[in-house]
Ligand code: HEM
């Protein structure tokens, strides 16, 4: 079983020959690009980098995972934990995560603040009757 280096991965990122890295394993998805139910663009966008996160974020089915076996080329040289995302992609991912977190905090805070204000108002207006 060959070990795929980062250079191998980056050398195969065109429609004519496309490798994709998921969970520390490299797959040849060239023939699959046209058949992918999610379209070829989303896969092509992961060219030359670790696509594990993108693949998992979609919540692919067991059938989708089983398809990977048929495309297996070899293990990636550095295992699955290697962060080989480009700096820009990494920064972008962090920004998105931060924005989502901030958004969900606000979702709790705004209704709670309104509720608090309402009871505060009732308390004070009842006291003045
Ligand atoms: C070679 C790797 C991949 C295989 C074998 C694969 C396979 C599949 C399969 C079989 C489906 C149909 C739904 C399901 O069974 O889960 C699907 C849907 C989808 N895939 Fe992939 N996929 C791969 C990589 C990716 C990547 C890297 C992305 C990047 C974001 C992606 C995005 C999507 C999306 C968005 C859908 C949903 C399409 C829809 O429901 O309209 N896939 N994929």
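Angle between the Cα long axis of helix 87-127 and the longest principal axis of the chain, 0 to 90 degrees, nearest 10?
20
When a footprinting reagent is the concern and you count Cβ atoms within 10 Å, what order do 6, 43 take, fewest first?
The fewest-first ordering by Cβ neighbours comes to 6, 43.
Could you please rank 72, 18, placing first whichever residue has the fewest other Cβ atoms within 10 Å of its Cβ?
72, 18
At q = 0.10, 0.14, 0.16, 0.18 Å⁻¹, work out log10 I(q)/I(0) for the chain with the Debye formula, treating every Cα as an identical point scatterer and leaving solvent out; two decimals please.
-0.46, -0.69, -0.84, -0.99
When the chain is treated as a GNM, springs tying every alpha-carbon pair under 10 Å, which of 19, 27, 108 comes out with the largest mean-square fluctuation?
Top of the fluctuation ranking is 108.
In µm²/s, what is D for region 3-76 at 20 °C and 1.002 mPa s, where D = kT/(6 pi eta Rh) by Stokes-Einstein and Rh is the Kirkwood radius from Cα pairs?
Answer from the Stokes-Einstein relation: 177 µm²/s.
Any read-out appearing in this document is the output of simple, stated calculations on the displayed coordinates, not a laboratory observation. Bear in mind that the values here come from a model prediction, so they are computed numbers and not experimental data. Don't worry about glycine lacking a Cβ; one is built from the backbone with ideal geometry, like all the others, and counts go over all protein chains shown.
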